[in-house]
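First up is the structure itself, then whatever we jot down about it.
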Number of protein chains: 2
Amino acid sequence: MSFFDKHVFFCTHQREDGSDCCNNHGAQKARDYVKNKVKELGISTRHNNIRINSAGCMDRCDEGPVIVVYPEGTWYTYVDESDLDEIIEEHLKNGRVVERLKI
Amino acid sequence: MSFFDKHVFFCTHQREDGSDCCNNHGAQKARDYVKNKVKELGISTRHNNIRINSAGCMDRCDEGPVIVVYPEGTWYTYVDESDLDEIIEEHLKNGRVVERLKI
């Protein structure tokens, strides 16, 4: 049994050398959005304990911005808040993989 | 199949309000040590792809400093480099849980 049922890591890495990185695509803002939305919706429960984390570079920059959901190890990319809403509703709340955003 | 076979997250969170946090126990230094050691030893391979990441607060501050290894979801605490060496050798290289450091 995993300590968190859905442990979500957002790469929020910012490169200083001008090369592309997740935070050029609003990763920190996206992480804050999801953290607040999960709280607001009250979907993190004793039986579906959700944790939203920021993380350093996860080495999938070309496919970024990226997140990974453990323990299942599902990787996603996203463009806007509607993508994030779908991941929250489908995956985090209902445990269903969002195939169209999977990488 | 997981993109990384061993995806390790170090909480490197630094609290500014004086309360206890992983980085008060040298978390950032520990993360850098493990990242460099894994590289130096050459134990991250195509069949045992290891990624060492930093992460924000993982909400287990009382048991810190903490790390988690996914996809298995094994949580550890550590005190010094010999603890980290044991996690590298036993868990990351050989896939055996280090029971004495597990939380």
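For chain B, the Cys residues with no second cysteine's beta carbon closer than 4.7 Å are B:21, B:57, B:61. Estimated from the Cβ-Cβ distance and a Förster radius of 30 angstrom, the FRET efficiency linking residue A:79 and residue A:16 is about 0.80.
Counting other C-beta atoms within 10 Å, which of A:96, B:31 has the fewest, and how do the rest follow? Write out the running numbers ahead of the final one.
Numbers: A:96 10, B:31 25.
Taking fewest neighbouring Cβ atoms as first place, the list is A:96, B:31.
Could you give the distance between the Cα centres of the stretch B:34-70 and the stretch A:1-20, to the whole Å? First find each Cα centre; the distance between them is then 13 Å.
In terms of distances greater than 23 angstrom between alpha carbons, the cross-link table entries A:35/B:39; A:39/A:93; A:29/A:93; A:29/B:39; A:29/B:37 yield A:35/B:39; A:29/B:39; A:29/B:37. Evaluated with a Cβ-only charge set (Lys, Arg +1; Asp, Glu -1), the stretch B:6-101 carries a dipole of roughly 600 debye about its Cα centre, given to the nearest 20.
Charging the Cβ of each Asp and Glu at -1 and of each Lys and Arg at +1, and nothing else, the dipole of the protein assembly as shown about its Cα centre rounds to 300 debye. For chain A, the fraction of C-alpha pairs more than 19 angstrom apart is 36%.
Mind sorting A:44, B:54, A:19 by how few other Cβ atoms lie within 10 Å of their own Cβ, fewest first? Numbers along the way, then the final one.
On the way: A:44 17, B:54 21, A:19 8.
Final ranking by Cβ density, sparse to dense: A:19, A:44, B:54.
Taking the C-alpha atoms only, the angle from helix B:27-41 to the longest principal axis of chain B is near 10 degrees.
Computed from the coordinates by the stated procedures, all read-outs in this text should not be read as laboratory data. Treat the numbers as computed from the prediction; the structure is a model and nothing was measured. All Cβ positions, even for glycine, are placed from backbone atoms using ideal geometry, and neighbour counts span all protein chains on display.
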